[in-house]
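Laboratory data are not the source of any read-out in this text; all were calculated from the coordinates shown. Fair warning: this is a prediction, and the values are worked out from it, not measured in the lab. Glycine gets a Cβ as well: all are built from the backbone with ideal geometry, and neighbour counts include every protein chain shown.
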């Protein structure tokens, strides 16, 4: 984990009790105020549709994508077994997530071809049938990346097939006639309902604009004011795009990462 990931995890810990799960083969980082737990994937998938998938799929040829595939799988099994709120480690939390509706996920809707629900932030009760259906979908339609570059995967449409696009496929089949799919918060979801939160909740800054906030210009105060107007609770830093870039000192992202207490509520 990079320092940026550490700071994002700490931003969540300001508001919540946080457990950071680490691969059993590596040492968990020591982050103040954060519980850490080594994760045995073989145990995490027990009793789920992904148990047989994990036992039979060969990820050895997937290189660095192996960790991404396992992350796509394990977040589902943890939510199935325990429930709670899952966040990617590039999610900079600005305020408490307690007000989120149960059984919710956020959309990324920027028009054109970029309209999909995301798996970077998921809030579900344990044993929710939508999560079970997502695990079945992953087990049945898992796609290997064959070590193709991120750019090639993006252009071919393969990127996200085991993650956001998987959730979108399952959501598209979810019953709608009796109102079990709720497209905005504020309704009264039932036990099988899924609330789709607006883009602004987690993904107000689109991926092609995130690097603008790594530069000196818009201040953290200005950015937070804009995000608050739209009901944002976090900023997704889009690690696949931003990971090789360091936010400039004085930029909005740098300030929020290093002095989040001054801007979070």
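For n ≥ 4 DSSP H runs only, could you compute -39500 (n - 2.57) per run for the chain, divide by its residues and tell me the 222 nm figure to the nearest 500?
Details: 11 runs with 95 residues, N = 265.
Mean residue ellipticity, 222 nm, calculated: -10000 deg cm²/dmol.
Return the Rg/Rh value of segment 31-141, two decimal places, where both radii are evaluated on C-alpha atoms and Rh is the Kirkwood radius. Show your work: numbers first, answer last.
On the way: Rg = 15.0 Å, Rh = 15.5 Å.
My calculation puts Rg/Rh at 0.97.
Quick one, which of (1) 94, 44, 37; (2) 94, 54, 36; (3) 49, 44, 38 is the actual Cα extents along the principal axes in Å calculated for this model?
(3)
Under 10 Å, Cα contacts only: if you run a Gaussian network model on the chain, which one of 60, 200, 11 comes out with the highest mean-square fluctuation?
Of the options given, 60 has the highest mean-square fluctuation.
Gaussian network model of the chain, Cα springs within a sub-10 Å range: biggest mean-square fluctuation belongs to which of 193, 96, 64?
64
Normalised by the number of residues in the chain, what is the relative contact order in percent for Cα pairs under 8 Å and 6+ residues apart?
Numbers: 411 pairs, mean separation 51.7, N = 265.
Relative contact order for the chain comes out at 20 percent.
Could you check the spin-label model distance between residue 66 and residue 40? Points 7 Å from the Cα along Cα→Cβ, value in nm.
Spacing of the two 7 Å Cα→Cβ label points: 1.9 nm.
Peptides 25-36, 201-212: what's the order by average Cβ count within 10 Å, highest mean first? Please list the in-between numbers first.
On the way: 25-36: 12.0, 201-212: 18.1.
Highest-to-lowest ranking by the protection proxy: 201-212, 25-36.
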